[in-house]
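The values are calculated or read from the model by the stated rules, or taken from the named source; none is laboratory data. Quantities reported herein were computed from a predicted structural model and do not represent experimental measurements. Cβ placement follows ideal geometry from the backbone for every residue including glycine, while neighbour counts extend to all protein chains displayed. In case anyone asks, the SASA skips ligands and DNA or RNA and just uses the protein heavy atoms, side chains included. Shrake-Rupley method; radii C 1.70, N 1.55, O 1.52, S 1.80 Å.
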Amino acid sequence: MKKSLKIAVPVLVVVLALLLSSACFVVTQPNEYTIVRQFGAVKKIVDEPGLSMKLPFIQTASTLPKTEMLYDLAVSDVITSDKKSMVADSFVLWRISDPLKFIQTLSGNVGNAEYRIDTVVYNSLKTVISSMRQEEVISGRDGLLAQRIMDNVGSAFDNYGIKLLAIETKRIDLPDENKSAVYERMISERDNIAASYAAEGAAEAKQIRNEADKSVQITLSEAKAMAEKLKAEGEAEYMRILSEVYDTPEEADFYEFMRALDMAEKSLGEGNKTLVVSADSPIAKIFKSVE
């Protein structure tokens with residue numbers, strides 16, 4: 001009996017020590033907050049991973065997620081500013097940024113937080129889309145629409161200890177029965193815009209060509225005028241030089257004789273064996289003098 005007591009007492013002490021240590025120490029994981037309460041009131045929030053202490057049997061510990069969470073909004077119908085119906089399917093990425101505010105306002109309940117997110121984001125989605133035309137909503141799916149919804153939400157969740165990381169639309173589309181008619185109208189409008197741009201481009205190109213043709217004509221006219229002027233000046237200079245060189249009757253007769261020979265040479269060089277000259281030409285006068 002005594003031997004059994006000697007074994008049981010140390011085992012009991014070890015068990016009590018383990019129970020006491022488990023009641024005193026709290027392990028916080030990297031993806032969670034640890035909330036330490038005393039008689040229901042929050043005494044401490046541990047947001048760093050590791051081992052921390054609490055009073056055994058008096059204080060209790062619970063956790064809240066520290067990671068990003070996704071909430072998927074229900075698919076809903078929305079109306080644009082031009083009274084067109086659309087279907088929106090969105091989701092929200094969020095996390096708990098202030099655990100104490102989260103506990104005080106939402107009882108530390110993720111379900112309560114998701115209900116608040118659903119209400120605020122859906123109202124913001126409806127407000128933003130109702131201020132946009134259908135074409136703007138469709139073209140804004142590359143990020144502009146999501147940013148406008150985020151801007152509209154603003155600081156609505158600051159008092160809840162929640163931070164919205166992103167609001168994205170998985171699908172923002174037309175009701176199936178309206179798609180064909182809307183797409184055809186949009187294609188027709190784009191075709192009209194394209195035709196308008198093409199007409200403007202053609203008119204501008206024609207104007208540029210007309211101005212270029214006008215510039216070419218002016219340049220050619222100026223060039224011809226300059227050429228005629230230079231030609232006249234050249235001929236005047238030529239005549240002046242001739243008048244200086246052949247300023248006596250003998251020199252003038254010699255000049256006329258040389259020109260007649262040049263002309264005769266050109267005529268005979270083309271295969272002609274007969275040379276026809278007038279009776280008063282310098283060459284005829286030579287032949288007459290020989291006779």
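Efficiency by 1/(1 + (r/R0)^6): what FRET value for residue 123 and residue 195, r their Cβ-Cβ distance, R0 = 51 Å, to the nearest 0.05? Don't skip to the end; give the middle numbers.
On the way: r = 42 Å, r/R0 = 0.82.
It comes to 0.75.
Please work out how much accessible surface residue 95 shows to a 1.4 Å probe, ignoring ligands, DNA and RNA, in Å² rounded to 10.
Rounded to the nearest 10, that gives 80 Å².
Check residue 43: other-chain or 5+ apart residues with amide H under 5 Å from its amide H, H built from backbone geometry?
36, 37, 38
Take 224, 163, 83 and sort them by solvent-accessible surface of the protein heavy atoms, 1.4 Å probe, largest at the top.
83, 224, 163
What is the sum of charges, Lys and Arg at +1 and Asp and Glu at -1, for the other residues whose Cβ falls under 14 Å from the Cβ of residue 34?
+2
At 1.4 Å probe size, with no ligands or nucleic acids counted, give the accessible surface of residue 150 in Å², nearest ten.
50 Å²
So, in nm, how far is label residue 75 from label residue 44 when the simple model puts each one 7 Å beyond its Cα toward the Cβ?
In this crude label model, residue 75 to residue 44 measures out at 5.0 nm.
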